[in-house]
C-alpha cells in the first residue's frame with residue numbers, strides 16, 4: 001500500500017512537469033511534503049476533520065505568516081479552512097453554496113466552540129436562459145456542469161455589503177471564482193491579500209489579469225487528500241506609493 005501511494009505521488013509530480021507547471025516546485029520540496037501528503041490520504045481524513053485549508057502545503061504555511069489575531073478574513077468556500085482561519089484571525093466571514101456541506105461545517109464550528117465566525121449559506125439560483133462564459137468576471141456562473149443554468153450572483157456579491165478596504169485577507173476557493181475575484185478586489189486593505197486556489201486552471205486566467213500590478217506569490221505542489229499537484233496563488237494589494245515604485249522599477 002505504501003509503495004502504491006508513493007507511485008501515485010511520483011506520477012502526479014511527473015504529470016505536472018509535462019504540463020510545464022512545476023517550475024517553482026523543486027525536487028527538495030516534492031520530497032519535503034511527501035510525508036504530510038501520505039498522511040492526508042488515510043481513510044476518513046479530509047480538510048474538515050483535519051481543520052485545515054484544502055490547498056497546497058506551502059500555501060498553508062504562507063497564510064500562517066500573514067494572519068494575525070487582528071486580521072479580518074472573508075472566504076468563498078467553507079470547510080476546514082473556516083476553522084483554521086477562525087483560530088488565528090479576529091473574525092471570519094465565510095460563504096458557502098452547498099447546504100449539506102454547510103451543515104457539516106456549522107457542526108464542526110460548534111464542536112470547536114468557535115464564536116468569531118459568521119458562516120452563511122447562499123444557494124445558487126436557477127436562472128432560465130442564463131448565458132455567460134465561466135471565465136468572464138461578470139458572468140457569475142460556475143464552470144461545473146452540475147451548476148449549469150444556475151447563477152451565483154447573490155453568492156458572489158455578498159461581499160459587497162462590506163466597506164471597501166475592509167478585509168486583510170480574502171480566500172477565493174468556491175464557485176464562480178472569476179466573479180469572486182472581481183468583487184473582492186476593492187474590499188481588500190492596502191497591504192492585504194487575495195488568495196486563489198487552483199490558479200493554474202485556464203478558466204481563471206482572465207480574472208487573474210485583474211490583479212496585474214499587485215505583488216504576486218505562487219506555491220505549486222502536492223495537494224492533501226487527493227493524488228494531484230496544483231497551484232495556490234496570492235496577490236498583495238499595494239498602496240499607491242508602492243505601486244508607483246514598482247512601476248518605476250519595471251519600466
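The values are calculated or read from the model by the stated rules, or taken from the named source; none is laboratory data. All of these numbers come straight from a predicted model, not from anything done at the bench. Here the Cβ is made from the backbone with ideal geometry for all residues, glycine too, and neighbour counts use every protein chain on show.
Data table
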{"item": "Filter result (in contact (Cβ under 8 Å) with a residue 24 or more places away in the chain and within 17 Å of the chain's Cα centre (by Cα)) within the stretch 91-101", "result": "92, 93, 94, 95, 96, 97"}
{"item": "Top-ranked residue in the stretch 91-122 [being out of contact with any strand residue (DSSP E or B) (no Cβ under 9 Å at 6 or more places or on another chain) and in a loop (DSSP other than H, G, I, E, B); ranked as farthest from residue 154 (Cα to Cα)]", "result": "113"}
{"item": "Residues located in the stretch 210-222, provided they are at pLDDT below 95, buried (at least 18 other Cβ atoms within 10 Å of the Cβ) and either touching a helix residue (DSSP H, G or I) at 6+ places or on another chain (Cβ under 7 Å) or closer than 14 Å to residue 184 by Cα (or both)", "result": "219, 221, 222"}
{"item": "Qualifying residue in the stretch 215-229 (condition: within 16 Å of the chain's Cα centre (by Cα), free of Cβ contacts under 8 Å to residues at least 40 places away in the same chain and within 24 Å of residue 66 (Cα to Cα))", "result": "yes"}
{"item": "Members of the stretch 29-82 that are under 19 Å from residue 229 (Cβ atoms) and assigned to a loop (DSSP other than H, G, I, E, B)", "result": "33, 41, 45, 46, 52, 53, 54, 55, 56"}
{"item": "Checking residue 207 against (1) under 26 Å from residue 223 (Cβ atoms); (2) in contact with a helix residue (DSSP H, G or I) (Cβ under 6 Å, 6 or more places away or on another chain); (3) not in a helix (DSSP H, G or I), the condition it does not meet", "result": "(3)"}
{"item": "Selected residue [surrounded by fewer than 19 Cβ atoms within 10 Å (Cβ to Cβ) and at pLDDT below 95] from 36, 115", "result": "36"}
{"item": "Which numbered condition residue 58 fails, given (1) modelled with pLDDT under 95; (2) more than 18 Å from the chain's Cα centre (by Cα); (3) under 21 Å from residue 195 (Cα atoms)", "result": "(2)"}
{"item": "Flag if residue 128 is over 20 Å from residue 197 (Cα atoms), surrounded by fewer than 19 Cβ atoms within 10 Å (Cβ to Cβ), out of contact with any strand residue (DSSP E or B) (no Cβ under 8 Å at 6 or more places or on another chain) and modelled with pLDDT under 95", "result": "yes"}
{"item": "Filter pass, residue 181 being in contact (Cβ under 8 Å) with a residue 60 or more places away in the chain, part of a helix (DSSP H, G or I), more than 18 Å from residue 88 (Cβ to Cβ) and within 17 Å of the chain's Cα centre (by Cα)", "result": "no"}
{"item": "Residue within the stretch 226-249 that is at pLDDT below 95, assigned to a loop (DSSP other than H, G, I, E, B) and touching a helix residue (DSSP H, G or I) at 6+ places or on another chain (Cβ under 6 Å) present", "result": "yes"}
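Conditions tested, residue by residue: (1) in contact with a strand residue (DSSP E or B) (Cβ under 8 Å, 6 or more places away or on another chain); (2) within 25 Å of residue 36 (Cβ to Cβ); (3) surrounded by fewer than 22 Cβ atoms within 10 Å (Cβ to Cβ).
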{"site": "139", "(1), (2), (3)": "no, no, yes"}
{"site": "150", "(1), (2), (3)": "yes, no, yes"}
{"site": "169", "(1), (2), (3)": "yes, yes, no"}
{"site": "175", "(1), (2), (3)": "yes, no, no"}
{"site": "189", "(1), (2), (3)": "yes, no, yes"}
{"site": "196", "(1), (2), (3)": "yes, yes, no"}
